[in-house]
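Engineer: This is the structure I want to talk about, given as structure tokens.
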Amino acid sequence: MTTIPSNAPLNLPKSTTHKPLLITTGEPAGIGMDIVLELARSGQLLQLQSPVLVLADERAMLARLNKLNEHWQTEYSPNWLTLSLPSEDLSDEDKINNMVAFFLSSSPVPHQAKLPDFYLLNVPCPNPVQAGELDVANAHMVMTQLNIAHTLARNHVVSAIVTAPLQKSVLIDAGCTLADGSMFTGHTEFFMQQSGVDKVVMMLANAKMKVALVTTHLPLRAVADAITPSNVRQTVQITLDDLQQKFGIAQPKILVCGLNPHAGEGGHLGDEEQTIMDPVLAEFQQQGVDISSAMPADTLFTARHLDTCDAVIAMYHDQGLPVLKSHGFGDTVNLTLGLPYIRTSVDHGTALDLAGTGKASASSLWQALLMAEEMANKEAA
């Protein structure tokens, strides 16, 4: 275990490409630590160009490793470097930036020593962690992880944030809130408010397609009211900007789903396409953007269209995501577009029943890390 003095100088890595990818392990009773340890055991973390910084309770990480080693055929011995900070420093932005940067820049480099599988920033839980057993007392540790991740990403100490799942109900029961004091509703809203942006876009991506959403977690009866010219316009612009800046696609081709069956059937099955969506999409078309008018979703999601587009914009959650996940659940990545930094995530929940069993798949976390690194490299180019 390594402790860095609080007066350590800021010494950022010179190459933006190889700044660390940061993983928040999320709900400690869930599978966040399991899937990190699985990628370490398999040697996959060392296949990345970037070092990996993990936020977790080291005591809980060691306990989970012992539990997993009972199930794994090949035992994994700890090979990480730990930075432990005094508890009062975990909320001090300047100290976090300086100490983490110094810690990373002072660690072994290739050809000098064996690289650790990952670097661990110890964020302790007040109570011992039991695999699969939620504990409201440990909720604020999850919030501390998120605050640290935002701080390090915003200040360019790390190149991207990759989030493992959290348990929203536990954070709500613990009284955790978003920056505006409202109920905690998830990673997306947390990073949006911490970053001070008014709108972000949820996109899910896999090898087959990328799907961005105009609306996310709304009851179906509320979706139509949320399809406004402003919401459609902002979603298109953010998607367009991030496809260019973070995916390196100079001239993206975007297809847009209509809201209603058959895209409204000329106004006979709803007129949102004619009165709201198409006028906004025409603005982008007139600017030279390769974007469709509102299309029937049941024909848009076919190979003929998907094979020639870079992204699809769907109007609501269950219009786009079931199709996407049917082509790669477990290999799909959740992204938040419109933030001042890169954030990717797994496409699954905390899977409490799998915690500590050795049965949790790390596939989605691996894909989220690969995509985060690819986006960071393109953004730095």
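Engineer: Return K67, K19, K199 ranked ascending by Cβ neighbour count within 10 Å, so the fewest neighbours appear first.
Structural biologist: Fewest-to-most Cβ neighbours within 10 Å comes out as K199, K67, K19.
Engineer: Which one of G258, N206, L281 is farthest out on the positive end of the charge dipole of the stretch 203-323, using unit charges on Cβ (Lys, Arg +1; Asp, Glu -1) and the Cα centre as origin?
Structural biologist: Comparing the listed Cα positions along the dipole, N206 ranks first.
Engineer: Highest mean first, how do 69-78, 285-294 rank when packing is the count of other Cβ atoms within 10 Å averaged over residues?
Structural biologist: Put in order of decreasing packing, that is 285-294, 69-78.
Engineer: To continue, here is another question. Using a 7 Å offset from the Cα along the Cα-to-Cβ direction at both A207 and L220, what is the distance between the two label points in nm, to one decimal?
Structural biologist: Result for the modelled spin labels: 3.2 nm.
Engineer: Relative contact order, percent, of the chain when contacts are C-alpha pairs under 8 Å separated by at least 6 residues?
Structural biologist: Computed over the chain, the figure is 23 percent.
Engineer: Also, quick follow-up: Provide the gained length on full extension for the span I249 to A303, in nm with one decimal, where the gain is 0.36 nm per separating residue minus the Cα-Cα distance.
Structural biologist: That works out to 17.4 nm of additional length.
Engineer: Just to be sure I understand: of the beta bridges DSSP finds with both ends in the chain, what percent are antiparallel, rounded to 5?
Structural biologist: Once the DSSP bridges in the chain are tallied, antiparallel ones form about 25 percent.
Engineer: With each pseudo-label sitting 7 Å past Cα toward Cβ, what's the K359-D290 distance in nm, one decimal?
Structural biologist: 4.5
Engineer: Say the cut-off is 28 Å between C-alpha atoms; which of K67/K208; K95/K359; K325/K378; K199/K359; K19/K325; K67/K210 go over it?
Structural biologist: Violating the 28 Å limit, Cα to Cα: K67/K208; K95/K359; K199/K359; K19/K325; K67/K210.
Engineer: Right, another one. Rounded if a/c is under 1.5, else prolate if a/b beats b/c, else oblate: with a ≥ b ≥ c from the C-alpha gyration tensor eigenvalues square-rooted, which is the chain?
Structural biologist: prolate
Engineer: If a/c stays under 1.5 just call it rounded; otherwise compare a/b with b/c (prolate if a/b is bigger, oblate if not). Do that for the stretch 48-188, with a ≥ b ≥ c from the square roots of the Cα gyration tensor eigenvalues.
Structural biologist: Oblate.
Engineer: With labels modelled as points extended 7 Å from the Cα through the Cβ direction, what inter-label distance (nm, one decimal) is found for N69 paired with S106?
Structural biologist: Between N69 and S106, the simple spin-label model gives 2.8 nm.
Engineer: What dipole magnitude, in Debye to the nearest 20, does the stretch 33-111 give about its Cα centre under +1 on Lys/Arg Cβ and -1 on Asp/Glu Cβ?
Structural biologist: Computed charge dipole of the stretch 33-111: roughly 320 debye.
Engineer: Nothing charged except the Cβ atoms of Lys and Arg (+1) and of Asp and Glu (-1): what's the magnitude of the dipole of the stretch 202-306 about its Cα centre? Round to the nearest 20 debye.
Structural biologist: So the dipole magnitude of the stretch 202-306 works out to roughly 460 debye.
Engineer: Using alpha carbons only, how many degrees (0 to 90, rounded to 10) separate the axis of helix 363-380 from the longest principal axis of the chain?
Structural biologist: 80
Engineer: Given a cut-off of under 8 Å on Cα pairs at least six residues apart, what relative contact order in percent is computed for the stretch 203-323?
Structural biologist: 37 percent.
Engineer: Let me ask something else. Only four residue types carry charge here, +1 at the Cβ of Lys and Arg and -1 at the Cβ of Asp and Glu. Report the dipole size of the chain about the Cα centre in Debye, rounded to the nearest 20.
Structural biologist: 880
Engineer: By DSSP, what percent of the beta bridges with both residues in the stretch 203-323 are antiparallel, rounded to the nearest 5?
Structural biologist: 20
Rule-based calculations on the coordinates, nothing more; no lab input. Treat the numbers as computed from the prediction; the structure is a model and nothing was measured. Cβ coordinates were reconstructed from backbone atoms using ideal geometry, including for glycine residues, and neighbour counts include every protein chain displayed.
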